[in-house]
Amino acid sequence: PSGWVEVICGSMFSGKTEELIRRLKRAKIAQLQVEIFKPAADTRYHDEDIVSHNHNSIRSTPVHSSSEILLLAGSCDVVGLDEAQFFDENIVEVCNSLANQGKRVIIAGLDMDFKGIPFGPMPHLMAIAEYITKVHAVCVRCGGVAQYSHRIVQQQQTVMLGEAESYEALCRTCFPHKSHA
Ligand code: ADP
Ligand code: MG
């Protein structure tokens, strides 16, 4: 039987990692072999664990490029990826190959960067996925549905690792749209 690709997307604090961990833990309960990867660049909480903002965690393997995943996924049944927006564009072919081998591939990542522009390979991953779930944070200004990760410090580079000290979740009304694509 063939596998498939699932994407979990949304802003920071929207519960992507929580939802990824929930799905992966349930697969483990079902006795499936699970392998979890994250970009080695993302070491905000822990070198190896994937940790959600509510401090739920699961063991993962940090990788430096998407091609390592194909080598390391081996004979597992389910592959989880967190922070997929930081992977190179080759991640799309890697995910297709894994699904074609019969694996369930569950990808979590930011769909937009801090300017509201589609982030890295995420649009392409969403296009090839069988299933997409968009989760939302709570807007910290008005309590609305937040889909933007607004940067509250001055740095302008697209990739800037940070947490609540650097980013806040905002809705469409509260997000400053001046630099929006
Ligand atoms: P993500 O991986 O999308 O950044 P996490 O799964 O790590 O999100 O964290 C989700 C958790 O973040 C929530 O369960 C909640 O405890 C916390 N949180 C902090 N700020 C917010 C917010 N503005 N809206 C919703 N949840 C928030
Ligand atoms: Mg996360």
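The H on the amide N of residue 110, modeled in the peptide plane, is under 5 Å from the matching H of 84, 85, each at least 5 residues off or on a different chain. Placing +1 on each Lys and Arg Cβ and -1 on each Asp and Glu Cβ, with no other charges, gives the chain a dipole about its Cα centre of roughly 580 debye.
The fraction of all Cα pairs in the chain landing in successive 5 Å bins from 0 to the largest distance is 1, 9, 17, 22, 21, 14, 9, 5, 2, 0, given as whole percents. Sequentially through segment 14-26, phi angles give Karplus couplings (6.51, -1.76, 1.60; θ = phi - 60°) of 8, x, 4, 5, 4, 5, 4, 4, 4, 5, 5, 5, 5 Hz, Gly and Pro residues having no value and appearing as x.
Counting other beta carbons within 10 Å of each Cβ, put 139, 76, 9 in order, fewest first.
Working: 139 22, 76 18, 9 25.
The order, fewest Cβ neighbours first, is 76, 139, 9.
Of the residues 72, 81, the one with the fewest other Cβ atoms within 10 Å heads the list, and the complete ranking is 72, 81.
Between residue 70 and residue 96, the modelled label-to-label distance comes to 1.1 nm, taking each label 7 Å out from Cα in the direction of the beta carbon. Taking 4.7 Å between beta carbons as the limit, the unpaired Cys residues of the chain are 9, 76, 95, 142, 174.
For residue 80, the amide hydrogen comes within under 5 Å of the amide hydrogens of 35, 36, 37, 106, counting only partners 5 or more places away or on other chains and with H modelled in the peptide plane. Remark on residue 146: its backbone amide H falls under 5 Å from those of 137, 138, 139, a criterion applied only to residues 5 or more positions apart or on other chains, H modelled at 1.01 Å from N.
According to the square roots a ≥ b ≥ c of the eigenvalues of the Cα gyration tensor, what is the shape class of segment 140-181, taking rounded for a/c under 1.5, prolate for a/b larger than b/c otherwise, and oblate for the remainder? Here segment 140-181 falls in the oblate category. 3J(HN,Hα) couplings calculated from phi for segment 104-116 with the Karplus curve 6.51 cos²θ - 1.76 cosθ + 1.60 (θ = phi - 60°) are, in sequence order, 8, 10, 10, 10, 10, x, 6, 7, 9, 7, 5, 9, x Hz; Gly and Pro show x. Our coupling estimate for segment 79-94, obtained by passing each phi through the Karplus curve with A = 6.51, B = -1.76, C = 1.60 and θ = phi - 60°, is 10, x, 10, 10, 6, 5, 4, 8, 6, 6, 4, 4, 4, 5, 5, 4 Hz, Gly and Pro reported as x. Could you compute the FRET efficiency for residue 40 and residue 138, with r as their C-beta to C-beta distance and R0 at 25 Å, rounded to 0.05? With a Förster radius of 25 Å, E is 0.20. Counting Lys and Arg as +1 and Asp and Glu as -1 over every other residue whose Cβ lies under 9 Å from the Cβ of residue 37, the net charge comes to -2.
FYI, it's all coordinate maths here, none of it is from the lab. These numbers come from a predicted model, not from an experiment. Cβ sites come from the backbone with ideal geometry, for glycine too, and all protein chains shown count toward neighbours.
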